[in-house]
């Protein structure tokens, strides 16, 4: 009997690797991703390297990340089965080029939600100024497509985002909202409802089934925003030190 081919859809940052400041002290590290200036920024611990090696022996690993295509290109771990980037807005084929059908879908939907993103950008700027928070707030674009609004503390002070997050959830976090609010550490994002890792993973899984027949899918992530795409997979994996696990433990 032929065994179904296995695929792992895996978030990257804080799931497979993390920034140096989040790594355990006095631990040998393996560089995983780099800044534009060529300096290593994210690293694998020996445990993570071992786990990733196990995954690769057993299945195809497909990254699913909020990173844009340029930031993803600076992840140097030899992934070769394609990727989902920009929170699901772009699917990269194994050769690194975007899937045209999915990119055209994103471009059409983004054209409808750009006015709303501009309004959110302005509102977040007003809120930040009112409390004296030094935030970098911008609309994230890739391949000429405006995807979502992102805010980060310029000083690395994650607490500066707390009041912004609270106001955003009060204004935009209710049922039926046309946008979703995501926060993980110093990354705060407001996404239009159409932009979802789950949609891209479901599309890609269907494409893989058309090629391979029956497949088994695994989803792995650390952030609450990863739960949707993980729930679309047959099995889910969660790192112990993760936003998801903290929620499960406290429930």
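With a cut-off of 20 Å, note down the residues of segment 220-251 whose backbone N falls inside the zone around a label point 7 Å from the Cα of residue 6 toward its beta carbon. Within reach of a label on residue 6: 220-222, 230-240. The ellipsoid that matches the Cα gyration tensor of the chain has semi-axes, each √(5λ) in whole angstrom, of 29, 23, 17, with the longest given first. Maximal additional length on extending the residue 30-residue 240 stretch stands at 73.6 nm, based on 0.36 nm per residue less the C-alpha distance.
When the convex hull of the Cα atoms of segment 168-238 is projected onto a plane and the area is averaged over all directions, what value comes out in nm²? Write down the numbers at each step before the final one.
Values: hull surface 22.2 nm².
Reported value for the Cα convex hull: 5.5 nm².
Between residue 250 and residue 210, the modelled labels are 4.2 nm apart [label points 7 Å from Cα along Cα→Cβ]. Label separation (residue 162 vs residue 81): 4.1 nm, computed from points 7 Å beyond Cα along the C-beta direction. Mean residue ellipticity, 222 nm, helices only, the chain: the sum of -39500 (n - 2.57) across DSSP H runs of n ≥ 4, divided by residue count and rounded to 500, is -11500 deg cm²/dmol. I'd like the distance between the alpha-carbon centres of segment 228-251 and segment 8-29, rounded to an integer number of Å. For segment 228-251 versus segment 8-29, the Cα centre distance is 16 Å. Each listed q (0.27 Å⁻¹) maps to a log10 I(q)/I(0) for segment 112-192, found by the Debye formula over equal Cα scatterers with no solvent: -1.45. Would segment 3-132 count as rounded, prolate or oblate if I go by the C-alpha gyration tensor, calling it rounded below 1.5 in a/c and otherwise prolate when a/b exceeds b/c, oblate otherwise? It is oblate, given that a/c is not under 1.5 and a/b is not larger than b/c. Length gained on full extension, residue 21 to residue 129, computed as 0.36 nm times the residue gap minus the Cα-Cα distance: 36.0 nm. One decimal place: the segment residue 108-residue 58 gains 14.3 nm when fully extended, by the rule 0.36 nm per residue minus the C-alpha distance.
If R₀ is 22 angstrom, what is the calculated FRET efficiency for the pair residue 193 and residue 118, using the beta carbon separation as r and rounding to 0.05? Computed FRET efficiency for residue 193 and residue 118 comes out at 0.85.
Every number here is computed from the coordinates shown, using simple stated rules; none is lab data. All of these numbers come straight from a predicted model, not from anything done at the bench. Neighbour counts run over all protein chains shown; Cβ positions are idealised from the backbone, glycine included.
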